[in-house]
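K.L.:
Dropping the structure in here first, questions after.
The values are calculated or read from the model by the stated rules, or taken from the named source; none is laboratory data. The model shown is predicted, which means the values in this text are computed figures rather than measured ones. When we count neighbours, we look across all protein chains shown, and the Cβ atoms used for this are built from the backbone with ideal geometry, even at glycine. Surface areas here come from the heavy atoms of the whole protein model, side chains and all, with no ligands, DNA or RNA. Shrake-Rupley method; radii C 1.70, N 1.55, O 1.52, S 1.80 Å.
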Amino acid sequence: MARPITKVAEPVMTEKDRQDQTVDSVLQSLANNPEGIQATIKLLQELHESGILGAVNAAIEAKEDIAKILVGQMVRPPVTNIINNAMAAAGGLTELDPEMTKKLMGGLTAGLKKADVALQSGAKIGIFDLMKVVSDPDINRAMAFGINLLKGVGEGLKD
(Lines give C-alpha, C1' and ligand atoms only; values in the text may rest on other atoms or scores of the structure.)
Protein backbone atom coordinates (compact mmCIF):
# COMPACT_ATOMS: atom_id res chain seq x y z
CA MET A 1 0.00 0.00 0.00
CA ALA A 2 1.25 3.50 -0.85
CA ARG A 3 2.08 6.09 1.72
CA PRO A 4 -0.14 9.18 1.93
CA ILE A 5 1.35 12.44 0.70
CA THR A 6 2.09 14.62 3.71
CA LYS A 7 4.08 17.37 2.07
CA VAL A 8 3.09 19.39 -0.94
CA ALA A 9 6.01 21.10 -2.59
CA GLU A 10 5.07 24.67 -3.42
CA PRO A 11 6.56 25.95 -6.63
CA VAL A 12 9.45 28.31 -6.01
CA MET A 13 9.30 31.34 -8.28
CA THR A 14 12.58 32.64 -9.50
CA GLU A 15 13.23 36.32 -10.06
CA LYS A 16 12.89 35.76 -13.81
CA ASP A 17 9.49 34.08 -13.31
CA ARG A 18 8.31 37.07 -11.24
CA GLN A 19 9.52 39.51 -13.89
CA ASP A 20 7.82 37.51 -16.64
CA GLN A 21 4.60 37.48 -14.63
CA THR A 22 4.82 41.25 -14.10
CA VAL A 23 5.49 41.89 -17.80
CA ASP A 24 2.52 39.69 -18.74
CA SER A 25 0.32 41.60 -16.28
CA VAL A 26 1.42 44.97 -17.71
CA LEU A 27 0.86 43.77 -21.28
CA GLN A 28 -2.59 42.53 -20.32
CA SER A 29 -3.42 45.95 -18.82
CA LEU A 30 -2.19 47.68 -21.99
CA ALA A 31 -4.30 45.38 -24.15
CA ASN A 32 -7.40 45.99 -22.02
CA ASN A 33 -7.06 49.82 -21.99
CA PRO A 34 -5.70 51.00 -25.35
CA GLU A 35 -7.64 54.31 -25.48
CA GLY A 36 -6.61 55.33 -21.98
CA ILE A 37 -2.97 54.46 -22.60
CA GLN A 38 -2.93 56.38 -25.88
CA ALA A 39 -4.57 59.41 -24.24
CA THR A 40 -2.02 59.30 -21.42
CA ILE A 41 0.87 59.12 -23.87
CA LYS A 42 -0.59 62.06 -25.83
CA LEU A 43 -0.99 64.08 -22.61
CA LEU A 44 2.59 63.36 -21.56
CA GLN A 45 3.83 64.35 -25.02
CA GLU A 46 1.93 67.66 -24.87
CA LEU A 47 3.28 68.36 -21.38
CA HIS A 48 6.79 67.55 -22.58
CA GLU A 49 6.56 69.75 -25.68
CA SER A 50 5.18 72.70 -23.70
CA GLY A 51 7.94 72.41 -21.09
CA ILE A 52 5.51 71.82 -18.25
CA LEU A 53 6.68 68.26 -17.71
CA GLY A 54 10.27 69.45 -17.29
CA ALA A 55 9.17 72.11 -14.82
CA VAL A 56 7.15 69.59 -12.80
CA ASN A 57 10.08 67.17 -12.76
CA ALA A 58 12.42 69.95 -11.61
CA ALA A 59 9.95 70.97 -8.89
CA ILE A 60 9.68 67.38 -7.67
CA GLU A 61 13.45 67.03 -7.59
CA ALA A 62 13.74 70.30 -5.64
CA LYS A 63 10.81 69.59 -3.30
CA GLU A 64 12.82 70.05 -0.12
CA ASP A 65 14.21 73.41 -1.27
CA ILE A 66 10.74 74.55 -2.36
CA ALA A 67 9.23 73.45 0.96
CA LYS A 68 11.90 75.41 2.87
CA ILE A 69 11.18 78.52 0.81
CA LEU A 70 7.41 78.18 1.29
CA VAL A 71 7.72 77.69 5.04
CA GLY A 72 10.15 80.60 5.22
CA GLN A 73 7.67 82.83 3.40
CA MET A 74 4.71 81.69 5.50
CA VAL A 75 6.35 82.64 8.81
CA ARG A 76 7.28 86.16 7.73
CA PRO A 77 5.52 88.83 9.86
CA PRO A 78 3.52 90.32 6.94
CA VAL A 79 2.09 86.90 6.04
CA THR A 80 1.26 86.02 9.63
CA ASN A 81 -0.34 89.47 10.00
CA ILE A 82 -2.53 88.80 6.96
CA ILE A 83 -3.59 85.42 8.37
CA ASN A 84 -4.32 86.90 11.81
CA ASN A 85 -6.24 89.83 10.31
CA ALA A 86 -8.28 87.53 8.08
CA MET A 87 -9.18 85.36 11.06
CA ALA A 88 -10.13 88.41 13.15
CA ALA A 89 -12.22 89.83 10.29
CA ALA A 90 -13.95 86.49 9.82
CA GLY A 91 -14.69 86.37 13.53
CA GLY A 92 -16.12 89.89 13.40
CA LEU A 93 -18.27 89.06 10.38
CA THR A 94 -19.86 86.16 12.24
CA GLU A 95 -21.25 88.64 14.77
CA LEU A 96 -22.95 90.84 12.17
CA ASP A 97 -26.61 90.49 11.30
CA PRO A 98 -26.79 89.52 7.61
CA GLU A 99 -29.93 91.61 7.05
CA MET A 100 -28.27 94.72 8.44
CA THR A 101 -25.19 94.09 6.30
CA LYS A 102 -27.41 93.70 3.23
CA LYS A 103 -29.22 96.98 3.99
CA LEU A 104 -25.94 98.77 4.61
CA MET A 105 -24.39 97.50 1.37
CA GLY A 106 -27.53 98.47 -0.58
CA GLY A 107 -27.41 101.97 0.92
CA LEU A 108 -23.71 102.24 0.19
CA THR A 109 -24.26 101.24 -3.44
CA ALA A 110 -27.09 103.75 -3.87
CA GLY A 111 -24.99 106.44 -2.17
CA LEU A 112 -22.02 105.80 -4.44
CA LYS A 113 -24.24 106.12 -7.51
CA LYS A 114 -25.68 109.45 -6.30
CA ALA A 115 -22.22 110.69 -5.36
CA ASP A 116 -20.92 109.83 -8.83
CA VAL A 117 -23.78 111.70 -10.50
CA ALA A 118 -23.14 114.74 -8.30
CA LEU A 119 -19.42 114.55 -8.99
CA GLN A 120 -20.02 114.45 -12.74
CA SER A 121 -22.35 117.45 -12.59
CA GLY A 122 -19.72 119.53 -10.82
CA ALA A 123 -22.33 121.23 -8.62
CA LYS A 124 -21.00 123.27 -5.69
CA ILE A 125 -22.46 122.99 -2.20
CA GLY A 126 -22.63 126.06 -0.03
CA ILE A 127 -23.15 126.49 3.70
CA PHE A 128 -26.87 127.23 3.23
CA ASP A 129 -27.22 124.05 1.14
CA LEU A 130 -25.74 122.07 4.04
CA MET A 131 -28.15 123.63 6.53
CA LYS A 132 -31.07 122.86 4.23
CA VAL A 133 -30.17 119.17 3.70
CA VAL A 134 -29.89 118.48 7.44
CA SER A 135 -33.69 118.52 7.56
CA ASP A 136 -33.91 115.92 4.75
CA PRO A 137 -35.04 112.67 6.45
CA ASP A 138 -32.65 110.49 4.40
CA ILE A 139 -29.65 112.69 5.20
CA ASN A 140 -30.69 112.91 8.84
CA ARG A 141 -31.02 109.12 9.05
CA ALA A 142 -27.55 108.65 7.51
CA MET A 143 -26.02 111.26 9.83
CA ALA A 144 -27.60 109.64 12.90
CA PHE A 145 -26.33 106.24 11.72
CA GLY A 146 -22.84 107.65 11.16
CA ILE A 147 -22.71 109.43 14.50
CA ASN A 148 -23.84 106.31 16.36
CA LEU A 149 -21.39 104.21 14.35
CA LEU A 150 -18.58 106.55 15.35
CA LYS A 151 -19.73 106.42 18.98
CA GLY A 152 -19.67 102.60 18.94
CA VAL A 153 -16.23 102.55 17.32
CA GLY A 154 -14.96 104.99 19.93
CA GLU A 155 -16.37 102.86 22.76
CA GLY A 156 -14.72 99.80 21.25
CA LEU A 157 -11.38 101.59 21.07
CA LYS A 158 -11.43 102.40 24.82
CA ASP A 159 -10.26 98.94 25.88
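K.L.:
Quick check: pseudo-label points 7 Å beyond the Cα along Cα→Cβ at PHE145 and ILE60, how many nm apart are they?
P.N.:
With each label placed 7 Å out from Cα toward Cβ, I get 5.7 nm.
K.L.:
Could I ask something else about it? If you place +1 on the Cβ of every Lys and Arg, -1 on the Cβ of every Asp and Glu, and leave all else neutral, what size is the dipole of the chain about its Cα centre, to the nearest 20 Debye?
P.N.:
For the chain, the charge dipole is close to 600 debye.
K.L.:
Then there is this: For the chain, what ratio Rg/Rh do Cα atoms give with a Kirkwood hydrodynamic radius?
P.N.:
Computed over Cα atoms, the ratio is 1.42.
K.L.:
While we're here: With labels modelled as points extended 7 Å from the Cα through the Cβ direction, what inter-label distance (nm, one decimal) is found for LYS102 paired with LEU47?
P.N.:
4.6
K.L.:
Per residue, how large is the accessible surface of the stretch 55-113? Use a 1.4 angstrom probe and give square angstrom.
P.N.:
It amounts to 85 Å² per residue over the stretch 55-113.
K.L.:
With 32 Å as the limit, write out which pairs from LYS103/LYS124; LYS124/LYS151; LYS103/LYS132; LYS113/LYS158 have Cα-Cα distances beyond it, or answer none.
P.N.:
Long pairs (Cα-Cα over 32 Å): LYS113/LYS158.
K.L.:
Tell me, in nm to one decimal, what length is gained between LYS132 and THR22 on full extension, where the rule is 0.36 nm per residue of separation less the Cα-Cα distance?
P.N.:
Between LYS132 and THR22, full extension yields an extra 30.5 nm.
K.L.:
Let me ask something else about it. Can you compute the FRET efficiency between LYS114 and ASN81 using 1/(1 + (r/R0)^6), with r the Cβ-Cβ distance and R0 = 41 Å? Round to the nearest 0.05.
P.N.:
Once the sixth-power term is evaluated, E becomes 0.70.
K.L.:
Once neighbouring chains are kept in place and the probe is 1.4 Å, which whole percent of the accessible area of the chain is contributed by carbon and sulfur?
P.N.:
Exposed carbon and sulfur together represent 65 percent of the surface.
K.L.:
OK, next. I want the local charge near VAL133. Using Cβ-Cβ distances under 13 Å, sum +1 for each Lys or Arg and -1 for each Asp or Glu among the other residues.
P.N.:
Local net charge: 0.
K.L.:
Can you give me the C-alpha center-to-center distance between the stretch 86-127 and the stretch 1-69, rounded to a whole angstrom?
P.N.:
60
K.L.:
Place +1 on the Cβ of every Lys and Arg and -1 on the Cβ of every Asp and Glu in the stretch 5-159, take the dipole about the Cα centre, and give the residue among PRO11, LEU93, ALA67 whose Cα lies farthest towards its positive end.
P.N.:
It is LEU93.
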